[in-house]
Amino acid sequence: MQHRLYHLGAAVFCPAASRGWAVVRSVDTNSLNLPVSGPINQMKIVTLAMITLLARLNAQAASEGIVSYVGSDGGYVVGTAGWTFQPLAPISVTSLGCFDYIFGGNSQSPMSIGLWAPDGSLLASNSVSSTSSLLGQSRYESITPVALAPGLTYHIGAYNPSNGVTVLLAAVPADGGSVSTSPLIQLGTAVANFSGFAFPNSEQGGPGAAFLVPNFQFVAVPEPASFILGLLGLLMLVNRRTSQPARILSASTCARFRSS
C-alpha cells in the first residue's frame, strides 16, 4: 500500500488508517527535496503573488498634478489660494506640494497645503517648506495616500500661516497664461477662500485658470479587472515554476519515518 507524504514547515504528515492524518516526525524538509504541493502551499503561492503585484504597483513613479505653467498675472491672496481639478481615472494622492518660486525672497516658508473633497471636507494636509523634496518646479511632503474618484471635483489650496498673505503668480487664459497637467488630471479653475486656511470654493479667473501655489503627486489606481488579470498572470507564473507532481511514498517508508 502506498501513502502520500505531505509537509507543512518542518512537520511531515502521513495518513494513518486508524487515526486519519498523523504527524510522522519533524524533519528538515529541504533535505527531503519535497515539492511544493497541497492547499497550504497554494495559499502561500497566492500570498506571494499578491505581495509581488502590490509591490509593483507601489513602485510605479508618481506623477504631478500640474507639470508646467506660464504665469500671466502677479499679485497676492489673503487666505487660501489654489485650483480645482477632476481625475479622469481612479488615482491615489501620495504627496502635497508647493511651487518652488513661492519660497524665494518673500519669507513664505512653510506653507500649509490642503486637499478638500467636493463637499468641503478636508481629506489631507501637510506643511511644505523650502527644504522639502524638489521635483520639477514643486517641493513636496508625503501624506497618507488618499484615493480620489474620477469625475468628481476636488479642491487643492495653499495658505501662508505666518501672516495669511501669499504673494503669488496666477495663470489666466484670457491674459495669456496656461497650465499643463498630467494626462489623468483635468484642470478646473482658480479658487480661493479669504478667511484663513479653509475650503477654497470661491472661483476666480474662469475655466483653465489657477493660482500657482499648491501642487500634488499621485499614482494611478488600476481598475479591478486589470488588478485581477495581473494577479492571475503572477499566479500562473509562480505555479509553473514551483508545482510538481505529489510524491508517493510506500508504507514501509512511512514506517521508517515513524521509527526513526
Q | Flag if residue 147 is at pLDDT 95 or above and either surrounded by 16 or more Cβ atoms within 10 Å (Cβ to Cβ) or in a loop (DSSP other than H, G, I, E, B) (or both) | A | no
Q) For the subset of region 72-89 comprising residues that are in contact with a Ser or Thr (Cβ under 7 Å, 6 or more places away or on another chain) and within 18 Å of residue 162 (Cβ to Cβ), which member is surrounded by the most Cβ atoms within 10 Å (Cβ to Cβ)? A) 81
**Q.** Filter result for the condition that a residue is at positive phi and surrounded by fewer than 23 Cβ atoms within 10 Å (Cβ to Cβ), over 107, 162
**A.** 107
Q) Taking residue 125, is it within 24 Å of residue 202 (Cα to Cα), surrounded by fewer than 17 Cβ atoms within 10 Å (Cβ to Cβ) and not acidic (Asp, Glu)? A) yes
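The values are calculated or read from the model by the stated rules, or taken from the named source; none is laboratory data. From a predicted model like this one, the values you see are computed outputs, not experimental measurements. Please note: Cβ atoms are built from the backbone with ideal geometry, for glycine as well, and neighbour counts cover all protein chains shown.
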